[in-house]
Amino acid sequence: MVLLQILISSVVSLVILFILTKIMGNKQISQLSMFDYIIGITIGSIAAELATDLEDPVQPAAAMIIYGIVAVLISYISTKSNKARAFFAGKPIILMTNGRLSKAKMKKARLDMNELLAMARIAGFYDLSQIETAIFEQNGNVSFLPKSLYRPATPDDMKLPVKKETLPFNVIVDGKVMERELSLAGKDPQWLREQLRQMGYKNPEEVFLASVSQAGKLSCFAMEEGK
C-alpha cells in the first residue's frame, strides 16, 4: 500500500513539474538567470518532498504551483519593465573595453583570471590581446568581440555577392523517408532512390540521415559506421 502511494505521488509530482515547465518556458541551464535557478531548485526540492510525503501531499503540490505562478508573474513583469528585468536578471558587465581589462569589473563579476582565460579559449581566443571587448552576460557566459585585425573576413568585406542560405531538407531520418521534406525540396521518391543507388545504398533503411541542400545536392550519413 505504501509503495502504491509513493508511486502515485511520484507520478503526480512529475506531471506537475512537466506542466509548470511548459508554462514557465524551456531554458538551457546556461541561459537561466539567478532567479530562474533558485526557483528551479526550490520546485525540484518540493517535488521530491511531494513524492515521499504520504501523510499530506496537498501542501507540497500547492507550494509547487505557487512557485510556478510567481515565476510566471516575475517573467511577465520583467518583459514589461526594464528596471524589473535588471533587478531580477541582472545587467551585463563589461570586463574588457578597447583591449583593456578591468580588474574591478572582474571582481564585481566574481571571475578570476583563470576562469576568464578558460572562457576565452572555449570561444577560440588563446591570446587576450586579440580581444577588443569582453562582456559578462547575465547567464554567466562571457561574450567576446575580437579586434578588427583578428576578425574573420566576410563576403561583405571583400565585396563579394552571396546567395541567400536556407536550411537543408532532411529527407531521410533514421532510415525513414520524410515525404513532406522531400516534396519541399522539390524532389520525388524516384530521384531519391536513384541518388541513393549511385551512392551505393540499396534502400533508405541503410541511411541514418540524408539532406538535400539549397543547390539540390544530396548528402548522406550511413546507418553503419565505416560505410
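Near the amide H of Val142, under 5 Å away, which other amide H atoms are found, from residues 5 or more places off or on another chain, if H is placed in the peptide plane?
Under 5 Å from the amide H of Val142 lie the amide H atoms of Glu137, each far enough along the sequence or on another chain.
Please give the FRET efficiency for Asp156 paired with Arg121, using the beta carbon to beta carbon distance and R0 = 35 Å, rounded to the nearest 0.05. Provide the component values of the computation, followed by the final result.
Values: r = 28 Å, r/R0 = 0.80.
Step by step, r from the Cβ atoms, then E = 0.80.
Hey, rough spin-label estimate for Ile77 and Gln190, points 7 angstrom out along Cα→Cβ, what's it come to in nanometres?
6.5 nm
Accessible area of Arg197, 1.4 Å probe, to the nearest 10 Å²?
150 Å²
Identify, among Gly200, Gly124, Pro146, the residue whose Cα sits farthest towards the positive end of the charge dipole of segment 96-220, taking +1 on the Cβ of Lys and Arg and -1 on the Cβ of Asp and Glu, with the dipole about the Cα centre.
Pro146
The values are calculated or read from the model by the stated rules, or taken from the named source; none is laboratory data. Keep in mind the model is a prediction, meaning the values are calculated, not measured. Note that we place each Cβ from the backbone using ideal geometry, even for glycine, and neighbour counts take in every protein chain shown. When the accessible area is computed, the model is the full protein with side chains, heavy atoms only, and any ligands, DNA or RNA have been set aside. Shrake-Rupley method; radii C 1.70, N 1.55, O 1.52, S 1.80 Å.
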